[in-house]
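Remarks on the structure that follows.
The values are calculated or read from the model by the stated rules, or taken from the named source; none is laboratory data. None of these values were measured; they are calculated from a predicted model. Using ideal geometry, Cβ is built from the backbone for each residue, glycine included, and neighbour counts are taken over all protein chains shown.
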Amino acid sequence: MTFELFIFYLLATIASVSGLMMITIKDPVKAALWLVLAFIATAGVWITAQAEFLGLVLILVYVGAVMVLFLFVVMMLDINLSIMKEGFTKYLPIGGMVIVLIAAMMYLVLGPNNFGLEVTGNPVIHPADYSNTKAIGLELYTVHAYAFILAAVLLLLGIVAAITLVLRRRPTGEVRHQSIDKQVKTQASERFEMVKMKSESEEPIKPKEEEDK
Amino acid sequence: MFDALQAFLSTFLFDWLAILITLVIQTVVVVLPIMLVVAWLTYAERKVIGFMQVRMGPNRVGPLGLLQPIADALKLMTKEVIFPDQANKYLFIIAPILALAPAVAAWAVIPFGDGMVVADVNAGLLYILAVTSIIVYGTIVAGWASNSKYAFLGALRGSAQKISYEIAMGFALVTVLMIAGSMNLTDIVNGQQGGMLNWYLLPLLPMFFVYFISGLAETNRTPFDVIEGEAEIVAGFHVDYSGMTFGVFMLAEYAMMILISFMTAIMFLGGWLSPFEGIPVLESLFSWVPQLGWLAFKVSLLLFVFLWLRATFPRYRYDQLMRLGWKVLIPLTILWVFVVGAMKYFSFGPWFN
């Protein structure tokens with residue numbers, strides 16, 4: 001077994017186990033963390049397959065940003081697990097049918113007819129200075145430029161749609177704004193005023209003996 | 001590094017064993033000095049801030065207090081690690097490791113000199129960005145596993161802050177990538193040859209500040225340390241950690257500080273190149289300084305700025321911090337991407353030849 005093969009099997013095992021844990025574990029926070037581990041292991045597998053750009057972007061985008069936001073939401077949910085588990089047996093037949101259907105569809109696409117060295121040929125082994133990033137960039141910005149722009153516009157549309165859905169305009173006066181510019185530019189003289197006044201002193205209490213006399 | 005050693009080992013060992021041994025040796029050679037620098041950086045921090053506040057700083061353990069970091073480490077190691085009631089034990093232990101591991105793993109692609117790099121990968125910049133983006137899990141998991149409101153609030157603040165500043169940081173890296181035409185860190189440094197004027201500092205001056213400020217926010221240093229916020233949430237995400245688990249969080253923070261300083265020096269300040277290249281007298285006068293010497297000098301200067309800022313600025317308010325990240329730094333970086341594009345189109349200055 002070569003070192004590369006060892007690394008591949010290690011990462012593949014981690015990815016499969018963490019994927020299984022993600023769907024079987026009950027606590028949603030732990031499930032999200034297992035998914036993160038699955039992502040990282042998958043990124044490692046991609047990097048061993050000489051797709052270092054995709055692997056690193058998977059970590060950067062999904063692990064570093066998307067899953068953090070996911071965890072954010074999941075951590076703040078107060079989920080009653082017993083309610084979630086209700087009706088498990090009721091939905092089991094439908095769930096089973098869906099599983100069989102998906103497995104059959106995956107077999108049709110990923111089955112031995114379409115995969116294997118006879119179909120795809122031996123993978124191309126690139127020299128050490130081959131830049132995967134440059135190859136993807138050239139393809140993306142020349143051959144697939146229109147598809148790329150279309151995808152970007154679709155994402156922008158998604159952002160605008162999400163913001164319009166939750167935007168709630170309130171009448172002016174109801175919302176109090178603060179002018180950060182004014183706060184930043186503030187000077188000590190505006191915050192603090194020196195007031196001139198005479199110093200006050202208490203009358204000294206007369207000693208008792210003088211009163212007696 | 002150490003290709004010869006690997007070739008020598010593989011003559012009488014299994015190939016995979018030779019690779020494994022070489023990897024372990026490389027790791028130790030890189031990580032051990034960094035951990036030592038981390039230890040004495042804490043000492044330097046206390047001394048520098050002490051002098052800025054007209055105090056002595058630590059001066060009891062060893063000459064000039066130089067052995068203070070060792071005493072601190074011993075103290076942290078011998079203290080009891082307390083598990084809060086109802087805390088999630090596994091995640092509670094994993095959190096500090098999640099914080100430290102990426103901060104150490106990122107050093108794999110950092111070059112210390114021409115060819116002195118563990119893995120000379122051609123997507124080095126992207127690797128650094130990807131690996132450092134995992135650090136935020138240390139904070140989140142620590143805050144959630146502690147089962148404490150203060151820790152949870154600190155974790156929420158911290159993760160929101162880190163994600164926000166990561167965008168500005170990524171865009172700053174994009175401008176460096178555009179100007180250097182490569183994501184390999186060695187290539188980026190070699191593209192800055194020819195004296196101080198050829199460094200990427202001048203064409204990317206705003207990006208230099210954006211990157212350094214984002215670095216401050218990423219490492220949770222003052223003025224961006226709302227994640228700890230002693231005045232409001234006690235100590236934030238690590239309020240329930242004690243002993244060495246707390247120490248590991250500190251290690252991660254300082255290792256990240258050094259990493260950010262290295263990245264700034266490599267991308268904007270010419271890395272290991274001498275600033276006097278091409279200047280007649282000064283070049284020969286300083287030719288004895290080794291590559292690592294220049295790099296170490298630039299990095300220590302930047303680390304000093306980290307400490308200096310801590311002694312100077314009060315903590316940002318949370319809304320001001322978010323405003324700075326989203327409304328000032330990110331628009332500025334996007335603008336500068338276009339400016340660098342224009343510079344590249346017109347082959348402006350000595351940087352685009």
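Listed residues B:Phe306, B:Phe286; which is surrounded by 15 or more Cβ atoms within 10 Å (Cβ to Cβ), assigned by TED's automatic domain parsing to the domain that holds B:Phe112 and modelled with pLDDT under 80? Write out each step before concluding.
On the way: B:Phe306 fails: modelled with pLDDT under 80.
Going through B:Phe306, B:Phe286 in turn, just one is surrounded by 15 or more Cβ atoms within 10 Å (Cβ to Cβ), assigned by TED's automatic domain parsing to the domain that holds B:Phe112 and modelled with pLDDT under 80: B:Phe286.
Residue check: is B:Met1 outside any helix (DSSP H, G or I), modelled with pLDDT under 90 and closer than 30 Å to B:Thr186 by Cβ?
Working: outside any helix (DSSP H, G or I): yes; modelled with pLDDT under 90: yes; closer than 30 Å to B:Thr186 by Cβ: yes.
The answer is yes for B:Met1.
Answer yes if at least one residue in region B:183-190 is surrounded by fewer than 20 Cβ atoms within 10 Å (Cβ to Cβ) and within 27 Å of B:Val339 (Cβ to Cβ), and no otherwise. Spell out how you get there, then give the answer.
As a first pass, look at region B:183-190 and keep what is surrounded by fewer than 20 Cβ atoms within 10 Å (Cβ to Cβ): B:187, B:190.
Filter once more, so that each one left must be within 27 Å of B:Val339 (Cβ to Cβ): B:187, B:190.
Yes, region B:183-190 has at least one match.
Test A:Val160 against the criterion of being among the β-branched types (Val, Ile, Thr), assigned to a helix (DSSP H, G or I), away from every other protein chain (no Cβ under 14 Å) and out of contact with any Leu (no Cβ under 9 Å at 6 or more places or on another chain), and give yes or no. I'd like the intermediate steps shown before the answer.
Values: among the β-branched types (Val, Ile, Thr): yes; assigned to a helix (DSSP H, G or I): yes; away from every other protein chain (no Cβ under 14 Å): yes; out of contact with any Leu (no Cβ under 9 Å at 6 or more places or on another chain): yes.
Spelling it out, A:Val160 is indeed among the β-branched types (Val, Ile, Thr), assigned to a helix (DSSP H, G or I), away from every other protein chain (no Cβ under 14 Å) and out of contact with any Leu (no Cβ under 9 Å at 6 or more places or on another chain).
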Checking B:Gly154, B:Gly170, B:Gly158, B:Gly181 in turn, the sole residue that is away from chain A (no Cβ under 12 Å) and either of a type outside the set (Ser, Thr, Tyr) or touching a helix residue (DSSP H, G or I) at 6+ places or on another chain (Cβ under 6 Å) (or both) turns out to be B:Gly154
Which of (1) crowded, with 22+ Cβ neighbours inside 10 Å; (2) not in a loop (DSSP other than H, G, I, E, B) does B:Ala101 not meet, given it meets every other one? (1)
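Yes/no matrix, rows are residues, columns are (1) among the charged types (D, E, K, R); (2) closer than 19 Å to B:Met244 by Cβ:
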| site | (1), (2) |
| --- | --- |
| B:Ile19 | no, no |
| B:Val29 | no, no |
| B:Pro58 | no, no |
| B:Ile70 | no, yes |
| B:Ala73 | no, yes |
| B:Asp85 | yes, no |
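For region B:4-19, which positions are assigned to a helix (DSSP H, G or I) and of a type outside the set (Val, Ile, Thr)? Quick ask: steps written out before the conclusion?
Going residue by residue through region B:4-19, those that are assigned to a helix (DSSP H, G or I) are B:4-9, B:15-19.
Within region B:4-19, B:Ala4, B:Leu5, B:Gln6, B:Ala7, B:Phe8, B:Leu9, B:Asp15, B:Trp16, B:Leu17, B:Ala18 qualify.
Within region B:77-92, count every residue that is in a helix (DSSP H, G or I) and buried (at least 17 other Cβ atoms within 10 Å of the Cβ).
If we filter region B:77-92 for residues that are in a helix (DSSP H, G or I), which is where we start, we get B:77-78, B:89-92.
From what is left, the residues that are buried (at least 17 other Cβ atoms within 10 Å of the Cβ) are B:91-92.
Final tally of qualifying residues: 2.
Listed here are the residues, each with its yes/no results for (1) under 19 Å from the mean Cα position of the chain (by Cα); (2) within 20 Å of B:Ala217 (Cβ to Cβ).
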{"site": "B:Phe297", "(1), (2)": "yes, no"}
{"site": "B:Leu303", "(1), (2)": "yes, yes"}
{"site": "B:Leu307", "(1), (2)": "yes, yes"}
{"site": "B:Ile334", "(1), (2)": "no, yes"}
{"site": "B:Val339", "(1), (2)": "no, no"}
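Where in region B:269-353 are there helices (runs of 4 or more DSSP H), lying fully within it, with 2 or more residues that are more than 14 Å from chain A (Cβ to nearest Cβ)?
Details: elements: B:280-285, B:291-312, B:318-323, B:330-345.
The helices (runs of 4 or more DSSP H) meeting that bar are B:280-285, B:291-312, B:330-345.
Return the only residue of A:Leu56, A:Leu11 being over 17 Å from the mean Cα position of the chain (by Cα), within 30 Å of B:Ala119 (Cα to Cα) and surrounded by 14 or more Cβ atoms within 10 Å (Cβ to Cβ).
Numbers: A:Leu56 fails: over 17 Å from the mean Cα position of the chain (by Cα).
Just one listed residue meets the conditions, A:Leu11.
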Which of the residues belonging to region A:100-141 are among the hydroxyl-bearing types (Ser, Thr, Tyr), at pLDDT 85 or above and either over 27 Å from A:Leu56 (Cα atoms) or in a loop (DSSP other than H, G, I, E, B) (or both)? A:Tyr107
Checking B:Phe12, B:Phe51 in turn, the sole residue that is loosely packed, with under 15 Cβ neighbours inside 10 Å, over 28 Å from B:Val305 (Cα atoms) and away from chain A (no Cβ under 14 Å) turns out to be B:Phe12
Number of the exception - B:Gly124 against (1) in contact with a Gly (Cβ under 9 Å, 6 or more places away or on another chain); (2) crowded, with 23+ Cβ neighbours inside 10 Å: (1)
